[in-house]
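Bear in mind these aren't lab numbers, they're just calculated from the coordinates by the rules spelled out. Values in this document were obtained by computation on a predicted structure and should not be read as measured data. As a convention, Cβ positions derive from the backbone with ideal geometry for all residues, glycine included, and neighbour counts pool all protein chains shown.
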Amino acid sequence: MTHFAKASAPGKIHLIGEHSSVYGKPAILCAINKRVVVVLKRTAKDNFFKDDKIAREAVISIRSYIKEKYKVKNIPVWIDVTSTIPVGRGLGSSASLSAAISQAFFSLYRINAGPDEVFNAAYAGEKIFHGNPSGGDLAVCVYGGVIWFRKETENIKLIKKIKVDPSTFKNVLLVDSGKPVESTREMVVDIVGKKEVGKFLIAQEKLTKEVSDSLINNKQKLLRESIVSSGKNLEKLGVVGKQAQKIIFDLSNLGDSAKVSGAGGFKEGSGIILVFCKNISRTKKYCKEPENPLEFMEFKLESKGVIIEK
Ligand code: MEV
């Protein structure tokens, strides 16, 4: 009998397609080299996330999916989580947690699930975290790499890997505009019924196709232009706060191409801003200016999605 299981999953950035993916439009997401690591141990009684009701329910949902589908008994667990993914910044911390928990449960149950099943079980958790997720965050955390994602129906999700020239992300920084006070769930609910949504969806789909073309055919200029336009559309939709708008404006004056990546936030911070820098040293200098100062980080693309750890 297995008493212990360990799994990890990467965080993500949205190149494009946040919010529109909830409405069945495509998104392009990249897994990044920041990971969450989950350890499950069998115990007599469940012992996890005592102070976090949503996370606790998400775990129970993931385990229930496995129990019902595979007709296995309940295994009470103790859970330990370590992570290098900043929480609540649009970097996929909850999707990555759902993915790693799902894989760890499958290992504990000794079920050799492929990524599709890890996704399906984890998706039950994602719905607890986010209410009505597209599944895009989770898809990239499960499969890794750079993906084209589209939610066709609740049960059919198109996930296609895109091969990207590694030099594409050589001068890209993630700049933190501050933690949003709104959750992803609240941000998604907030745009429901807004009159701008129709136009937004059409524009983002067109830009997402341009981004895929620019990645596949290494068109750097088109990539930067599409990124900036998609960010402006997010601003018009009202998911980008004043603080983040100012940073994006300042960075554009340095010749950078920047947009919010993820659900955003409008009252205070809007989470991570993805910045294709013209001159990375100058952008770092801007972030360090005493009147700003802004946290930033570099990253690499991560080809590995969810994995079983020893
Ligand atoms: C959040 O990272 C991305 C959103 O599009 C929500 C989703 O896709 O589920 C805002």
Cα centroid of region 34-89 to Cα centroid of region 151-190, whole Å: 23
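Once the Cβ-Cβ distance between residue 309 and residue 249 is put in as r, and R0 is 41 Å, what FRET efficiency do you end up with, to the nearest 0.05? Numbers along the way, then the final one.
Numbers: r = 42 Å, r/R0 = 1.03.
E(calc), rounded to 0.05, equals 0.45.
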Cα-projected label distance for residue 73 with residue 281, points at 7 Å along beta-carbon direction, nm: 6.5
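Where does the charge balance sit around residue 93 when Lys and Arg score +1, Asp and Glu -1, over other residues with C-beta under 13 Å from its C-beta?
Details: positive: 12, 34, 35, 89, 179; negative: 52, 126, 137.
Result for the local shell: +2.
What longest region of the chain stays clear of GluC sites (Glu not before Pro) that DSSP places outside H, G, I, E and B and that have at most 16 other Cβ atoms within 10 Å?
The segment 1-151 is the longest one with no such site.
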Alpha-carbon spread of region 201-269, three principal axes, descending order, Å: 38, 29, 15
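How much net charge surrounds residue 228 when only the other residues with a Cβ under 10 Å from the Cβ of residue 228 are counted, with Lys and Arg +1 and Asp and Glu -1? Write out the running numbers ahead of the final one.
On the way: positive: 224, 232, 259; negative: 225, 256.
My count for the surroundings of residue 228 gives +1.
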Fewest-first sequence of 261, 61 by Cβ atoms within 10 Å of each Cβ: 61, 261
Selection from 129, 119, 169 lying farthest towards where the dipole of region 33-174 points positive, charges on Cβ: 119
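Quick one: length gained pulling residue 44 to residue 167 fully straight, 0.36 nm per residue minus the C-alpha distance? Numbers along the way, then the final one.
Numbers: separation 123, 0.36 × 123 = 44.28 nm, distance 5.04 nm.
Gain in length upon complete extension: 39.2 nm.
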Cross-link partners of residue 278 among aspartates and glutamates (Cα-Cα below 16 Å; sequence separation of 8 or more within a chain): 225, 250, 256, 298
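Test of understanding: what is the full-extension gain from residue 110 to residue 209, defined as 0.36 nm times their sequence separation minus their Cα-Cα distance? Intermediate values should be presented prior to the final figure.
Details: separation 99, 0.36 × 99 = 35.64 nm, distance 4.05 nm.
Between residue 110 and residue 209, full extension yields 31.6 nm more.
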Per principal axis, descending, Cα span of the chain in whole Å: 60, 41, 37
Contour excess over end-to-end distance, with Cα ends at residue 23 and residue 295 and 0.36 nm allotted per residue: 94.7 nm
Cα-based shape type of region 179-310, given that a ≥ b ≥ c are square roots of the gyration tensor eigenvalues and the cut on a/c is 1.5: rounded
Lys/Arg +1, Asp/Glu -1 at C-beta; the chain dipole; positive extreme among 238, 106, 193: 106
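Take 167, 134 and order them by how many other Cβ atoms sit within 10 Å, fewest up front.
167, 134
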Percent RCO, i.e. relative contact order, over the chain, from Cα pairs under 8 Å lying at least 6 residues apart: 26
Cross-link pairs 6/50; 73/157; 160/199; 6/73; 25/160; 209/285 - those with Cα-Cα distance over 24 Å: 73/157; 160/199; 209/285
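For the chain, what is the charge dipole size about the Cα centre, in debye to the nearest 20, if Lys and Arg each add +1 at the Cβ and Asp and Glu each add -1 at the Cβ? Let's see the in-between values first.
Working: 50 positive and 33 negative charges, 111 e Å.
That gives the chain a dipole magnitude of about 540 debye.
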For residue 240, net neighbour charge (Lys/Arg +1, Asp/Glu -1) across residues whose Cβ lies under 10 Å away: +3
Of 208, 247, 308, farthest towards positive along the dipole that unit charges on Lys, Arg, Asp, Glu beta carbons give the chain: 308
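Once you sort the root eigenvalues of the Cα gyration tensor of region 42-158 as a ≥ b ≥ c, which label holds: rounded (a/c under 1.5), prolate (a/b larger than b/c) or oblate (the other case)?
Values: a/c = 1.75, a/b = 1.28, b/c = 1.37.
Verdict is oblate for region 42-158.
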